[in-house]
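Working notes, beginning with the structure itself.
The values are calculated or read from the model by the stated rules, or taken from the named source; none is laboratory data. Just so we're clear, the structure is a prediction, and the values are computed from it rather than from any experiment. Cβ atoms come from the backbone with ideal geometry, glycine included; neighbour counts cover every protein chain shown. Side chains are part of the model used for accessible areas, which takes the heavy atoms of the whole protein and leaves out ligands, DNA and RNA. Shrake-Rupley method; radii C 1.70, N 1.55, O 1.52, S 1.80 Å.
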Amino acid sequence: MNNPHSTSPPQSSFESHHDDERAHNDESSSSAINDADDSGSSVVGAIFNFTNCIVGAGAIGLGGAIAQSGGLVSVLCIILFAILTKRSLDLVICLSLETQTESYEDLGQLALGQTGKLVITVSKFLYSFGCLIAYVVVIKDNMGPALSNLLQGACQHHDDDADHANELLGESFFDTPVSTVCQVLRNRILTTWVVCIAVVLPLCLLRDMRPLASLSAVSIASILAIVGIILYLYADNPHNEIRQNDNTDIYDMWLQVRPGFIECLGTFVFTFVSQHTVHLAFQSLKPSLKTSSRAWKRVSSWSVGISAVFSLLIGLGVYVSFGQKSKSDIFEIYPQIPLIDVAKLLLSVTMVLTFPLPFFTCRELLILNLFPSSPTSLNDNVSGTTAEASDLEQPLLAPNHSRNNDHEEESTSTMELLSSNVSAALNWVLLPEDLKQLKWPFHVAMTIKLWLVSVGLAIAAPSLGDVLDLVGCATGTIIAFIVPSCLSFKLRGYSLEAALLLLVGGVVGIVGTYFSLLQIVQDLGLFDNHKMHQRQMQKVRVDEEGLHILSDRPNRVMVVLASIIVNMYFYFNKPSTSA
């Protein structure tokens, strides 16, 4: 045993000189490392990047959501969800700083165990996958019509020449690549497949976002251009085709709460949900800015605020122009003029360049769960189950405690050996230098499968509004409101802020998901529309003034959630018992 009070022998002059030189080299190398580590994003750069993550397809669908919900209640919901999302983002980062965790999944595992990690992983995957579908729906609704309209003159001229040539030849012989391109552009679904195969799939085959880093400003610039186009068209009103809203009644336009309000809650949530990228944005900051949450709160405040302003300008600009005629895909209701076609093309390009970000998230989550890089992740669930079983068997096997300990050690070593063998069998498909990436053949196979499923479901989706409503209610509320509140309950105890997040997330998630699924089933025509209308009217009563009043089922949901909050208060604030 070493004696803490013993003294070391005196060093020679050569050893002392050598140690001084080594210390000088270590100091210079550490300063170089610090300089290299300080190369992260500034607050302004992080604001720009995080705003790019928030603003997207959700803002485009707000025009139709406001038309279905009502003016004032939609504005209040947008502001409310912006504030709650900002508070939720700050809560997640503050909890990560307090627990020294670097990802949402690690924070969930620390607070809620494997169950918390599983819930966050599944929710992030489903939300990211929903974003993929929404982006492809936007491409489907805008890319083909925009290119077809912009090239309409050339296509029309070519068609006239082709018809004239066919008349002279007496047969349909004059088919050229130009005519084939024109025919493809007139077909939205075919155009979507061509664009996704030629552009989106090669981008998805990339292993990370570094090759696309120089194009990160395109999204924000496109959104700014779209906002400018919408406001310019409202002010200019060319040929009196923009201001089609003849309803000037204040109550009908702004005070009325319309029957589609509940179905559109998911769109309002989807507009701001960004918890799936919050740690990525925080880790991009310089190390000196990550020591406290002060810099991050500035980033979240400005990013969410800018996103809210963009969203309100786009949504209200469309709503005041077309009133209740507004749709979730805002450009479908505008006249076919070149300026709108340019806006459609800009929006489609933005979605194409944004598609890889949630795609990489989905693929990485699949790799981490299907191909664990170490036996530790495989052994977590087994060790937890073994520990619980041994605790239950302890009172029955107390007389043979020593023999049981030997048996448990042998069983544990066997499970560890089995886990290591299984992990080694799976790890051969991973890259040795990066255990989060697959080798090229498996990388291509998984990328194509995930791409094919997402694009196929997006093409089959009835509308952008249905996708935004369902994804926002079903998964956005979980990762944005419900999970952060549960983490706060577990790590900090009961708080009014966490209770409010849980209440809002629970109500919007349960009620909104139900009505969103009902709307999708109705849009797909899976049931008779008359029967669906009768079922919906059993849940909803519309009074003479047009106010949308929920029936007893959502009220019972409110009671259940309130009881859950009260039980959590007593659970997390119960007095601790000494061992």
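Our coupling estimate for segment 333-343, obtained by passing each phi through the Karplus curve with A = 6.51, B = -1.76, C = 1.60 and θ = phi - 60°, is 9, 7, x, 7, 10, x, 5, 5, 5, 5, 4 Hz, Gly and Pro reported as x.
Would you kindly state how much longer the chain becomes between Arg492 and Ala217 on full extension, computed as 0.36 nm times their sequence separation minus their alpha carbon distance, in nm to one decimal?
Answer, rounded to one decimal: 95.2 nm.
A straight chain from Glu433 to Leu224 at 0.36 nm per residue would run longer than the Cα-Cα distance by 71.2 nm. Listed peptides 59-72, 190-203, 335-348 appear in the order 59-72, 335-348, 190-203 once ranked by packing, highest mean of other Cβ atoms within 10 Å at the front. Summarising the amide proton neighbourhood of Leu430: residues at separation of 5 or more, or on other chains, whose placed amide H is nearer than 5 Å comprise Lys439.
Between Arg243 and Leu76, residue separation times 0.36 nm minus the direct Cα-Cα distance comes to 57.7 nm.
May I ask you to give the solvent-accessible area per residue for segment 223-381, in square angstrom, as obtained with a 1.4 angstrom probe? Mind dumping the intermediate values first?
On the way: 6490 Å² over 159 residues.
Heavy-atom accessible area per residue stands at 41 Å².
Overall, segment 284-329 carries a charge dipole of about 300 debye about its Cα centre when +1 sits on the Cβ of Lys and Arg and -1 on the Cβ of Asp and Glu, all other atoms neutral. Here the 3J(HN,Hα) profile of segment 183-192, calculated from phi with Karplus coefficients 6.51, -1.76 and 1.60 at θ = phi - 60°, is 5, 5, 5, 6, 9, 4, 5, 5, 4, 4 Hz, Gly and Pro shown as x. Using the Cβ-Cβ distance between Leu205 and Trp254 with R0 = 41 Å, the FRET efficiency computed as 1/(1 + (r/R0)^6) comes to roughly 0.25. Sequence-ordered 3J(HN,Hα) estimates for segment 55-68 from the Karplus curve with 6.51, -1.76 and 1.60 and θ = phi - 60° stand at 6, x, 5, x, 5, 5, x, 6, x, x, 5, 5, 5, 7 Hz, glycine and proline given as x. Taking the dipole about the Cα centre of segment 186-323, with the C-beta of Lys and Arg at +1 and of Asp and Glu at -1, give me whichever of Gly260, Val320, His276 is farthest to the positive side. It is His276.
Going down the table (Lys344/Lys449; Lys297/Lys325; Lys290/Lys436; Lys124/Lys290; Lys86/Lys490; Lys117/Lys327), which pairs top 32 Å between alpha carbons? Where the Cα-Cα span goes over 32 Å, the pairs concerned are Lys297/Lys325; Lys117/Lys327.
Take each peptide in 311-318, 300-307, count the other Cβ atoms within 10 Å of every residue, and average; sorted highest first, the result is 311-318, 300-307.
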